[in-house]
1. What is chain B's relative contact order, in percent, from Cα pairs under 8 angstrom and six or more apart in sequence?
2. Taking the Cα atoms only, what angle lies between the long axis of helix B:21-31 and the longest principal axis of chain B, rounded to 10 degrees?
3. In debye, nearest 20, what is the charge dipole magnitude of segment B:237-298 about its Cα centre with +1 on Lys and Arg Cβ and -1 on Asp and Glu Cβ, if you could check?
4. Along each of its three principal axes, how wide is the spread of alpha-carbon positions in segment A:121-188, in whole angstrom units, largest first?
5. Find which of A:287, A:23, A:120 sits farthest along the positive direction of the dipole of the protein assembly as shown, computed with +1 on the beta-carbon of Lys and Arg, -1 on that of Asp and Glu, about the Cα centre.
6. Quick check on my link table: of A:259/A:338; A:259/A:333; A:195/B:4; A:311/A:333, which ones sit more than 24 Å apart, alpha carbon to alpha carbon?
7. What is the average number of partner chain Cβ atoms found within 10 Å of a Cβ in B:292-298?
8. Using a 10 Å cut-off around each Cβ of peptide B:219-229, what is the average number of partner chain Cβ atoms that fall inside?
Amino acid sequence: MSENATPRPPTESGCPDGFQYMHPVMIKNFGNWDYHEDPEPGVLLHVAKSGDKIWTVRCGTQRILDLFTLRKLCDIADEHADGFIRFTIRSNVEYMVAKEEQVQPLIKAIKDAGFIVGGTRNSVAMISHTQGWLHCDIPGTDASGVVKSMMDELIDEFKEWNMPNRVHITTSCCQINCGGQGDIAINIQHTKPPKINHDLVANVCERPSVVARCPVAAIRPALVNGKPSLEVDEKKCICCGACFPPCPPMQINDAEHSKLAVWIGGNHSNARSKPSFQKLVAAGIPNNPPRWPEATAIVKRILKVYKEDAKDWERINDWVDRIGWPRFFELTKLPFTKFHVDTWRGARKSLNASTHIRF
Amino acid sequence: MVKKYETPMLDVLEEGQWPSFISGIRRLANEHPSEFINNITHSLLGQLEHSYETRKGYWKGGTVSVFGYGGGIIPRFSEVGDAFPASREFHTLRVQPPAGNYYSSAMLRQLADSWEKYGSGLVTFHGQTGNIMFIGTTTDNTQHFFDEINEYGWDLGGAGPCVRTAMSCVGAARCEQSCANEHKIHRLLVNNFMDDMHRPALPYKFKFKVSGCPNDCQNAIERADMAIIGTWRDDMGVDQDAVKAYVESKGRKYIIDNVVNRCPSQALSLNDDDTLEVDNRNCVRCMHCLNVMPKALSPGEDKGITMLIGGKRTLKIGDLMGTVVVPFMKLESDEDYERLVEIAEEAIDFFAENALEHERTGEMIERIGLVNYMEGIGLEIDPNMISNPRESSYVRLDEWDQEAEKWNEAQAEKAAG
C-alpha cells in the first residue's frame, strides 16, 4: 500500500497546553485565588481575589470508560458545565461552573446519569489503581474488579464527610505497586517462589538481566535437562515477582498462593508529618474474584475503628502515630505476627529502642 | 457473526451502585454499531472471565511502535488468542494529557471519534503515570490512530526506559495554595526531553511530577525521580480578622487542638485576643494550618520551588522517597526557568551515564551516595538535604579543613550579598 511506502513522520509536540481547555474564569484568575469553601460533599467553591467564583463538582466513575460513558460525561459538560471537564489524579471527573445556579442542576444531571458525586474533603476518595487482568502482562489480580467491589460497599463514605480526614485507598496487582502509597493499600503478595518453565527460558529471557533483577540474589544460571535456564534458591526467595516481568516463563502468579495483603499509613502530603510509607497490617487474604469479600471486610474494619478513634484531621498514619501500633492491633482485632517485624535493609530503625510503651 | 462468551463471574460486577466497568464494556460489545468493536470487546470479556475463573492473567508484551518512535505503546498479545481470537492483539497507546488534565468536551469528543474508528472503544483518564490510556487495538491501528490524533495536537507518552509522561496538579488555575506556575514547569521540563521520551535509551524510567504546594497532590516526592514542589520563604499571610472569625465559629478549643497543637514545629500560638502568632522562622511550610483555615492563612509572597530527586516504589531495593537537592529556587525570570531545565538536563545526563541497567535515580544515589550525586549534577550540598548529620563514625575525614573552609567562604560570600 502506498501509505506504507511513505510513512508519516510524527510531530513531537509533547505535552499539550492546558490553557486552551480551561474555563475562562480560571484563566482570568490564574495565580490569583484567595480561598476555598466546601459547600457540600463533592462540591468545592473557590473564590478569587477579584471576587470571581468557580464551583467544582467532583464525581466518581468506573475509570475504565467506554465511549458511551465518555460521551455521556461530555453531554453533561455541554448541557450543564460550559463544556469543560478535568480529571483528578484519582480518575474522578470534575466539572467547573462560574454561576451558583448551575450547581444543583449539574449535580442532578450527574446523579441521573449514574455517576457518584463526592470524594472531597474528609471522605473516602476513589481508589487509585490500574488495570489488572484486563490489560496488564504481570497481574496477580484484577484491580478494576477489586475496586468496583470495594466502592460498591464504601459508596456512602465517598458521598459523605464521615471520616476524621481524607482516606486515600489504593490497590495494586503486583509489588511494582502502580496504585501507589495509600492510607490503605490492598496489594498482591505472592507466597510461593516462581514456577519455571525450563523449556522456554533460554529463548525468551535475557538471563543475566533476570539474575540482576533479583533483590536477594536468589537466581542463578543453570543447565536444566541439558538446556540453559535459571534456577531459584527457594530458601532465599522472597516471592516478590521481580523476575517475572523480564522472564515470563518464571510464573509467579498462582491461583491459590498469590494472596492479598493490606498496608496502612502511606501518606504523600507534607501536612503535619513528613510523607510516609505504608506499613503491613494484614496478609494471607484470599484473592477471591469476582467480589473479594474478605479483603473488603478488612478494609471496612480498619475504617470503622479509624472513624471511631481518630481525631479530626488525623490521617491514618497520624492516628496510629498517636495511639501506637499495639493499640491499632488491639482495636482492629487483626493478628500481630512475626511477619510484621521488618527484616529488610534499615529494619532496625523500625524497632522500638526506648521504654515508650503505652499500657 | 459476532462471537459471544458466557461470563457468569463478570456479570456479578454489573450489580451494585458504583458505576461498573463491565457494564460499559458490555455495552460496547452489544450496542455499538461497529462490528470491530463488538468483536474485540466480546472477546476481551471472554478472556477476562477466563482470568477470573483461573485467577491468572494472559497478556504478554512484545514490540509495537509507531513510525519514528521507539516507545509510547504498551503491546499486548494474548496467550489464549486461539480461544479469544478477536482480541488476540490488544495494544494500548499512552497519550500525553494537557498539563493539569484540562479538557473541553469538544476535544474529548474528537478523541472519542478517532478512537471509535481505530480502537476498542475503551479509554482511561489517566493511567498512574499520567497518560491517557487508549486501551485495546491492533498493531496496524496503533499507527492509524496515532497519525490521526497527532495531526490535531496529541503526542505519545513514555513507556519503557525513558523520560516518562509528566504530571501536574490543578494548580494556580484554581487553587489558592499554589506557589508556582505548575503548567509552565510541567511543559517546559517534559517537552525539553521529547527525544528521551520517544526513543527509550536510558537505564530505566525517569519521571517528573509537579505539585504547586507541599500538600503534594501529585504524589511527587514518593513517585517522581524529580519532584518540583511549590513553596515560599517569607512570612505566611495571616488575615487576623478571618482567624478571629474561625475562632468564633469553631471555638477556641477546636482551633487550639486542630491548628495550634498540630503544627509540627510548634510555630503557632493563639493569643488572648484570638489572633494567631506565627513563628515564621520555624514554620516548615507543611500546609496543615493553611488547609484548616484557608480563608485566614495563605502562602507568603516570596514564592518559588523546592526540588527533590529520587523517589520510587519497591522494586528493586525497596521504597525510596525523594531527597531535597534544591531547598529553594525562584521561578520568575526566563533565566530562572532556564536554570530549572539545566538542572533537569544534568540529572538526566548523569543518570544516563552512571545508572546501572534497570536502576532508578534513587537507587543510584543509594549506591553512590548523595554527595557524589550532587557533585555529578553540579549542585552544592546544604543542611536542608538531611534529616540529621551522620550517626556513624566510620568515615575518613582527611579533607575536613578544606571542606570547612569552603563552607565558611560560601557563608561569607552570602553575608556580603
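Laboratory data are not the source of any read-out in this text; all were calculated from the coordinates shown. From a predicted model like this one, the values you see are computed outputs, not experimental measurements. Glycine gets a Cβ as well: all are built from the backbone with ideal geometry, and neighbour counts include every protein chain shown.
1. Details: 744 pairs, mean separation 44.0, N = 417.
Averaging sequence separation for qualifying contacts and normalising by length gives 11 percent for chain B.
2. 30
3. Working: 8 positive and 9 negative charges, 63 e Å.
Using only the charged Cβ atoms, the result is roughly 300 debye.
4. Dimensions of segment A:121-188 along the principal axes of its Cα atoms: 37, 21, 13 Å.
5. It is A:287, whose Cα lies furthest towards the positive end.
6. Values: A:259/A:338 18 Å; A:259/A:333 20 Å; A:195/B:4 33 Å; A:311/A:333 20 Å.
Flagged as over cut-off: A:195/B:4.
7. Details: counts 3, 1, 8, 5, 1, 1, 3.
That average works out to 3.
8. Numbers: counts 12, 2, 5, 8, 5, 0, 0, 0, 0, 0, 1.
Mean partner shielding for this stretch: 3.
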